[in-house]
Amino acid sequence: MTHAAARAHPNIALVKYWGKRDEAAMLPAAGSMSMTLDAFATTTSVHLDASAESDSFVLNGAEDTGGAFARTSRFLDLVRTLAGDDRRARVVSHNEAPTAAGLASSASGFAALALAASAAYGLDLDERALSRLARRGSGSATRSVIPGYAVWHAGDDDASSYAERIEAPDLRLVIVTVDAGPKAVSSREAMRLTAETSPFYPAWVSSTEESLAEMTAACRAGDVTRIGEITESHALRMHAVIASSLPPVRYLAPRSIAVFDAALALREAGVTAWATADAGPNVCLLTTPAEAETVAAAVSGHGAVRIVGPGPGAALLPEDPFAGRTRAGDALP
Ligand code: PMV
């Protein structure tokens, strides 16, 4: 095969990944756990081109020659090494997440790229091998390969650091976009800073492994309250360790804190709502399917809201959705 297309979705971590123990191999300092979403897909096609001298990348209809292209091409180098094939590729990718959703697209992006590129280069990877490959593009992409709920085992080498599915109750996340702008400090940079400068970092790493063990037990037991408690406290611990870096980094804005307060008020009124936030100001509220509309209505004054649930893992597409539309500026499906 010389071309393939794949689709993958972003994920929101309930036990967060923050910090690497090996940056070159992309090994995390601790394990993490997430929900792969049923919305905001990234669709990516990879066409090998024996006559091209370099890779090329069209992202959301525009030719990219900057940082996103460089990361994509470096990732393709890995796939070429695995496949023993040095042909260059044309990559076309489209994110469904409106910029206004404020959701990072690196997880869905690298999960879709890992699958499309490995198939185009003739590698037949099982789910675990694909999860390991996606990890090399972006840590959180490790989990976006997996449908539903995923645990990423930290592992101690490339072979043992992968994500796999775990059973958990059917839950919803109400995404509250309080600010759609780009984040001030990339997660890569801020993770490095936290690991190098925060006196609390060792405690963050060891307590994350404890949180992950408690979270997997709560998921197995179907204990929604415990899942929520761990989700919110672990998110706040992550933001606390990030804020304890030097110079300090603070991702949560006053409007984000107001959504955490709204979650507490909802709980006091007997509604299931637990807050979490990634490396940015936007907040997700974890709740049950039956209560999702109530939670969404209660926080609609804080920003744009969107209810999402557990979604599919990375999947190959039978046809190239960009067929005939692979040039920059072409209309996208
Ligand atoms: O994979 P990255 O570099 O985008 O880092 C993701 C970090 C968090 O989203 C903040 C936490 C997580 O586990 O997804």
All positions within the stretch 275-291 that are outside any loop (DSSP other than H, G, I, E, B), closer than 20 Å to residue 235 by Cα and over 19 Å from the mean Cα position of the chain (by Cα):
287
Looking at 188, 220, 226, which is the one that is under 22 Å from residue 25 (Cα atoms), assigned to a helix (DSSP H, G or I) and basic (Lys, Arg)?
188
Strands (runs of 3 or more DSSP E) wholly inside the stretch 1-76 containing at least 2 residues that are of a type in the set (A, V, I, L, M, F, W, C), crowded, with 21+ Cβ neighbours inside 10 Å and within 16 Å of the ligand (Cβ to nearest atom):
11-15, 32-36
(1) away from the ligand (no atom under 13 Å from the Cβ); (2) open to solvent by 10 Å² or more (accessible area, probe 1.4 Å); (3) farther than 30 Å from residue 293 by Cβ: which one isn't true of residue 92, the others all being true?
(2)
Single match in 226, 250, 237 (criterion: open to solvent by 40 Å² or more (accessible area, probe 1.4 Å) and over 24 Å from residue 150 (Cα atoms)):
250
Any chance the stretch 25-46 includes a residue that's among the acidic types (Asp, Glu), on the phi < 0 side of the Ramachandran plot and over 18 Å from the mean Cα position of the chain (by Cα)?
no
For the stretch 286-297, pairs from a residue that is without any contact (Cβ under 8 Å) to a residue 24 or more places away in the chain to a residue that is surrounded by fewer than 18 Cβ atoms within 10 Å (Cβ to Cβ) and in a strand (DSSP E or B), with Cβ under 8 Å and 6 or more apart or across chains, are 293/307
Among the listed residues 265, 258, which satisfies the condition of being modelled with pLDDT of 95 or more, open to solvent by 40 Å² or more (accessible area, probe 1.4 Å) and small (Gly, Ala, Ser)?
265
State all residues of the stretch 77-112 that are in a helix (DSSP H, G or I) and in contact with a helix residue (DSSP H, G or I) (Cβ under 6 Å, 6 or more places away or on another chain); if no residue qualifies, say none.
78, 79, 107, 108, 110, 111
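The values are calculated or read from the model by the stated rules, or taken from the named source; none is laboratory data. This is a predicted model, so every value here is computed, not measured. Neighbour counts run over all protein chains shown; Cβ positions are idealised from the backbone, glycine included. With ligands, DNA and RNA removed, areas are computed over all heavy atoms of the protein, side chains included. Shrake-Rupley method; radii C 1.70, N 1.55, O 1.52, S 1.80 Å.
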